[in-house]
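Written below as structure tokens is the structure these notes are about.
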Amino acid sequence: MTLRILVVGAGIAGLAAARGLRVAGFRPEVVEALPATVVPGAGIYLPGNASRALRLLGLDVPLRPLGDLIFRQVFLDQRGRQLFEMDVAGLWAGVGESRALSRADLQQVLLTGVGGEVRFDTEVRDLQVVDGAAKVEFASGGISEYDLVVGADGRRSMIRGRVGLGGPAVPTGQIVYRAVVSGGPPLTDWTAVLGRRSQFVAMPMGGRRLYCYADETAPDTPNPDDPRARLRELFEGFGGPVPAILDKIEKVQVARTDEVVLPAWSKGPVVLVGDAAHATAPTLAQGAAMSFEDGYVLGQELRSAGGDIPKALRAYEDRRRRRCAEVRERTRERDRTRDVPPALRDPMLRRRGVRIFTDHCRALVAPV
């Protein structure tokens, strides 16, 4: 049976869903409201389960030359003294490699895996379910009908709102800062420096560059007008590699994080994937991994159901909901740990940090 499938969104989740559907034998259309000239900035860290999901999608080979492998995670206190370190290679042994790379490079790998043209500059204006099919109106004025629409349009998903699957995303109270630095200190490990309700993370991402991610818990503070100045103010006096990195930072991206928690991920012929269904704060670096897994599982369940879309969507959600909820709960737990006053948190992490943080990832070692 040939299904008419539309994937709305050509970010990580949308391209992963399109690839998962193609691997399963389907030929989805992919549309993206933004122009093709918009290239993702900054970097991204992919833990071992993300690499495993990319292998299931058949995209691990083009990823191998990109970025830098991460073998250890090192946690430091605000002055730069070691709290503990994690053997990342050991944690994910038999699962997949952990890697930091450019988001633009990852996007290109995903685009080449779609196997068909992505229609950029193509915005979905409206979506209605009529007689069990999804009628989609585009901003250009065209109208098409689909057997399945996959909403991969992010945490502020328009598709989610159109079909009544949930309200707006809920802010977590965090502000995040991302940057790529050239000519910084020579780091070989993923390195986090923990402050009071804030952290600064840096890691090698290939090409003698560092990917830097920082955040602060500031629920009542507006986004800074000058993110670079705020980053320097926030982390002034930190130890470890932070001072040398701050001296080299030129451009900083800033955003607020939020969560999406829904009672259901599908309604009729419409299903949500990635952040549109289950966004969390990026603390555990699981956003891309969960999107890759979503795409693979959706394709497999649709094939197993023999084109029975309601059956496939129920099975997809049954397989994915518990795992994504685990990521959300472990993310919240990690954030609570970070926000404990350093006088209490740091001695605890020196004693039990490896065990606590390993437990955060343990469930994700299990197969998809």
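Every number here is computed from the coordinates shown, using simple stated rules; none is lab data. Since this is a predicted model, take the numbers as computed values, not measurements. Backbone-built Cβ (ideal geometry, glycine too); neighbour counts: all protein chains shown.
What separates the Cα centres of the stretch 51-111 and the stretch 1-29 is a distance of 25 Å. For the stretch 310-368, dividing the convex hull volume of the Cα atoms by the residue count gives 55 Å³ per residue.
Rounded to a whole number, what is D in µm²/s for the stretch 75-174 from Stokes-Einstein with the Kirkwood radius over alpha-carbon pairs (37 °C, 0.692 mPa s)? Value of D from the Cα-based Kirkwood radius: 179 µm²/s.
Along the stretch 354-367 the Karplus relation, 6.51 cos²θ - 1.76 cosθ + 1.60 evaluated at θ = phi - 60°, assigns HN-Hα couplings of 4, 5, 4, 6, 5, 4, 4, 10, 4, 5, 7, 5, 4, x Hz to successive residues, with x for each Gly and Pro. Annotation: lysines with alpha-carbon distance below 27 angstrom to residue 135 (same-chain offsets under eight excluded): 267, 311.
Residue ranges 77-87, 339-349 sort as 77-87, 339-349 when ordered by packing (mean number of other C-beta atoms within 10 Å per residue, highest first). Working ranking of peptides 109-122, 284-297 by packing, defined as the average number of other Cβ atoms within 10 Å per residue, highest first, is 284-297, 109-122. Here the 3J(HN,Hα) profile of the stretch 257-270, calculated from phi with Karplus coefficients 6.51, -1.76 and 1.60 at θ = phi - 60°, is 9, 8, 10, 10, 10, 10, x, 8, 9, 9, 8, x, x, 10 Hz, Gly and Pro shown as x. Dipole check for the chain: with +1 at the C-beta of Lys and Arg, -1 at the C-beta of Asp and Glu, and the Cα centre as origin, the magnitude is about 900 Debye. For residue 206, the residues whose modelled amide H falls within less than 5 Å of its own, excluding neighbours fewer than 5 places apart on the same chain, are 68.
Ranking 134, 11, 173 by how far each Cα lies toward the positive end of the dipole of the chain (charges on Cβ) leaves 173 at the top. In the chain, the DSSP-assigned H stretches of four residues or longer account for a calculated mean residue ellipticity at 222 nm of -11500 deg cm²/dmol, using -39500 (n - 2.57) per stretch and the full residue count as denominator. Comparing the chain with the 2.2 N^0.38 Å rule of thumb, its C-alpha radius of gyration ratio is 0.99 (two decimals).
Taking the C-alpha atoms only, the angle from helix 287-304 to the longest principal axis of the chain is near 30 degrees.
Considering only the Cα atoms of the stretch 116-203, their convex hull presents on average a projected area of 10.2 nm². Straight-line reach from residue 248: taking Cα to Cα under 20 Å and skipping same-chain neighbours fewer than 8 places apart, no lysines fall in range. In order along the stretch 8-15, phi translates into HN-Hα couplings of 9, x, 10, x, 4, 5, x, 5 Hz, rounded to whole numbers, per the Karplus curve 6.51 cos²θ - 1.76 cosθ + 1.60 with θ = phi - 60° and x for Gly and Pro.
When you restrict to C-alpha pairs under 8 Å that are six or more residues apart and normalise by the size of the stretch 243-350, the relative contact order lands at 22 percent. Most simply put, the chain has about 75% antiparallel DSSP beta bridges, counting only bridges with both residues inside it.
For residue 251, the aspartates and glutamates whose Cα falls under 16 Å of its own Cα, not counting residues fewer than eight places away in the same chain, are 215, 225, 226, 233. Each Cα pair under 8 Å and six or more residues apart adds its sequence gap; the mean of these over the residue count of the stretch 1-103 is a relative contact order of 28 percent. When peptides 51-61, 134-144 are ranked by their average number of other Cβ atoms within 10 Å per residue, the highest-first order is 51-61, 134-144. With distances taken between every two different alpha-carbon atoms, the stretch 155-200 has a Kirkwood hydrodynamic radius of 14.7 Å.
Measuring nothing but alpha carbons in the stretch 198-354 and taking Rh as the Kirkwood radius, the Rg to Rh ratio lands at 1.06. Volume per residue of the convex hull around the Cα atoms, evaluated for the stretch 1-90, comes out as 148 Å³.
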